[in-house]
1. Please report TRP13, TRP122 as a ranked list, fewest other C-beta atoms within 10 angstrom at the top and most at the bottom.
2. Based only on other Cβ atoms within 10 Å, what is the fewest-to-most ordering of HIS67, HIS178?
3. Count charges around VAL12 for me, please; just the other residues with Cβ under 13 Å from its Cβ, Lys/Arg as +1, Asp/Glu as -1.
4. Rounded if a/c is under 1.5, else prolate if a/b is larger than b/c, else oblate: which is region 121-205, with a ≥ b ≥ c the root eigenvalues of its Cα gyration tensor?
5. Rank these for me by crowding, PHE141, PHE88, PHE49, going from fewest to most other beta carbons within 10 Å.
6. Classify the chain as rounded, prolate or oblate from the Cα gyration tensor: take a ≥ b ≥ c as the square roots of its eigenvalues, call it rounded if a/c is under 1.5, otherwise prolate when a/b beats b/c and oblate if not.
7. Once both axes come from the Cα atoms, what is the angle between helix 133-161 and the longest principal axis of the chain, in degrees from 0 to 90, rounded to 10?
8. By how many degrees, between 0 and 90 and to the nearest 10, does the Cα long axis of helix 10-34 differ from the longest principal axis of the chain?
Amino acid sequence: MHVPDGFLSTPVWASLDVAAAGAVAAALRRAKRTLGEKQVSTLGVAAAFTFAAQMVNFPVGAGTSGHYVGGAMLAILLGPAVAVLAVFVVLVVQALLFADGGLLALGANLVNMGVLAPLVGWAVWRAIGARTPGRAAVAAFFAGLLGTEASALAAATELALSHTAPAGPVLLAMGGVHALIGIGEGLVTAAAVRFLARARPDLIGLAPRHA
């Protein structure tokens, strides 16, 4: 899903760079008010896992790759604002040290994976009723699935708008492959949330279970 430089037209990558800068600034302001001690203790582990999981790539076409995104999981654990910042750091390191995603396309990659995935995942998590222990795993599954699919379709749309690939084929390729990836990501997210609901329900906003 990382879009490299040269695949997006100047109007597309430039506008997304501006949008990404605004998203990071807003996330920083929000995180200063909401970041608590329990999130800080989780942030490093969650970001490191996301970084490692995103490095496992396979080609999809039109210069893009498929992989685990992790935005929904980060949003569930840390809140959407901190999730944006965590993915931003991951993407910068990947672009600078591993040439995974372009620097000019950094804004596009952040909007796709660091803004849409966490926000869509968080919205689904809340809408399904994530604060109810019985629904937490179900909410997490759909959060991971739909967050990943939203990111993929956004990347495909950007490639189509840049005339890098025809809209129909690139939307079908990215959407189809990432629907499968999204199922896997949804299962991973659901398993993690199910474990946390039993071991550390406070980390995901659930009330502790009493014996």
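1. Ascending number of Cβ neighbours within 10 Å: TRP122, TRP13.
2. HIS67, HIS178
3. Around VAL12, the charge tally is -3.
4. prolate
5. If I rank by nearby Cβ atoms, fewest first, I get PHE49, PHE88, PHE141.
6. The shape class here is prolate.
7. Taking Cα atoms only, the helix is inclined about 10 degrees.
8. Between helix and principal axis, roughly 20 degrees.
Quick note: the coordinates plus some simple rules give every number you see, no bench work behind them. Predicted model only: the values in this text are computed from it and were never measured. So basically every Cβ, Gly included, is an ideal-geometry build from the backbone, and we count neighbours across all protein chains shown.
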